[in-house]
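Data block below; observations after.
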Ligand code: AVI
């Protein structure tokens, strides 16, 4: 995934309200709180984005390959929910790999609109797609996809289909996920369709393994945020004094990722000093898991009508079509 491709991710409304847009302010707010927290959006610098790409290829990390297999196997059926001459709007386009599966199956598409905060990355992906799929107008929009943005003039009078794969919706707090779906409804407009990838609740051992891989890539991904604070905010975190912790919280239906302090210590970062007790953690990410029913309920609450669901044979992952 490109640097910043997911930088529009919010961690929770509470955290968002507490921190301004600057990384330094965010770090000071999160590390001054009890318990300490940081937003998952700061994982995705260049190193973090490369590590996330590695995660998607790990044997334990089933979501990416399972979603790709559903999209590939069910592309024809999913394309049946894409109206004639419509515009496909992808929210937070990390890579066009998944959209390409839908594009290949839906020659009725009139345009593809990748939306991402990183304009440089968008331009690269758009150029590659134009080369490979010359019949399709590609109209990139550089914007924070969680906020209001204008669709390109060329698709305003066409039917619109939103696409939000990867279970990125799981990194939102449920109330923020509903707010995102409401926002997508406002942007796409009446009559729109939305195709969303959602990771499902499953055996705890499978979930825990996916975020505690044997090669420790997820641990490096989590610890990278300390490295980023050292580099960008003059921090002096000793990475060997923290460890990656990830576990499935059954009550809240979410994987929680934390960085745990291995000793009593003080750390300087962003011009401030923070104390850590042994065992104290920084909560760095939530990854919510849904049942098909609980996701449908969330979508309904946000004003969308459920139209179809596709899953894999193990029921690990789901892709939903919603209608406004
Ligand atoms: C981007 N997102 C859907 C990933 C997830 O599974 O929640 C991020 C991730 N964190 C650790 N591994 C992968």
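Rule-based calculations on the coordinates, nothing more; no lab input. Bear in mind that the values here come from a model prediction, so they are computed numbers and not experimental data. Quick reminder, even Gly has a Cβ in these numbers, built from the backbone with ideal geometry, and neighbours come from all protein chains shown.
Could you state the per residue volume, in Å³, of the convex hull enclosing the Cα atoms of segment 91-136?
Spread over its residues, the Cα hull of segment 91-136 gives 66 Å³ apiece.
Less than 11 Å from a label point 7 Å out along the Cα-to-Cβ axis of residue 294: which backbone N atoms in segment 255-279 qualify, by residue?
255
How would segment 138-186 be classified by its alpha-carbon gyration tensor: rounded, prolate or oblate, with rounded meaning a/c under 1.5 and the a/b versus b/c comparison settling the rest?
Judged from the Cα gyration tensor, segment 138-186 comes out prolate (a/c at least 1.5, a/b above b/c).
Would you calculate a helix-derived [θ] at 222 nm for the chain, using -39,500 (n - 2.57) for each DSSP H run of n ≥ 4 and dividing by the full residue count, to the nearest 500?
Result for the chain, helices only: -11000 deg cm²/dmol.
In a Debye calculation with equal point scatterers on the alpha-carbon sites of the chain and no solvent, what is log10 I(q)/I(0) at q = 0.07 Å⁻¹?
Treating every Cα as an identical point scatterer, log10 I(q)/I(0) equals -0.28.
Could you give the length gained by full extension between residue 157 and residue 263, i.e. 0.36 nm per residue of separation minus their alpha carbon distance, to one decimal place?
32.2 nm
If packing is taken as the average number of other Cβ atoms within 10 Å across a peptide's residues, how do 251-257, 203-209 rank, most packed first?
The densest-packed peptide leads the list: 251-257, 203-209.
Starting from the Cα gyration tensor of segment 49-188, multiply each eigenvalue by 5, take the square root, and state the resulting semi-axes largest first in whole Å.
Semi-axes (√(5λ), whole Å): 22, 19, 16.
How would 176, 199, 150 line up from fewest to most surrounding beta-carbon atoms within 10 angstrom?
The fewest-first ordering by Cβ neighbours comes to 150, 176, 199.
Estimate the FRET efficiency between residue 205 and residue 179 by the formula 1/(1 + (r/R0)^6), using the beta-carbon distance for r and 22 Å for R0, to the nearest 0.05.
Plugging the Cβ-Cβ distance into 1/(1 + (r/R0)^6) gives 0.10.
With the Cα gyration tensor of segment 278-324 giving a ≥ b ≥ c as the square roots of its eigenvalues, does the rule (a/c under 1.5 for rounded; else a/b larger than b/c for prolate; else oblate) give rounded, prolate or oblate?
Oblate, because a/c is 1.5 or more while a/b does not exceed b/c.
Dividing the alpha-carbon radius of gyration of segment 144-263 by 2.2 N^0.38 Å (N being the number of residues), what value is obtained?
Working it through for segment 144-263, the quotient is 1.40.
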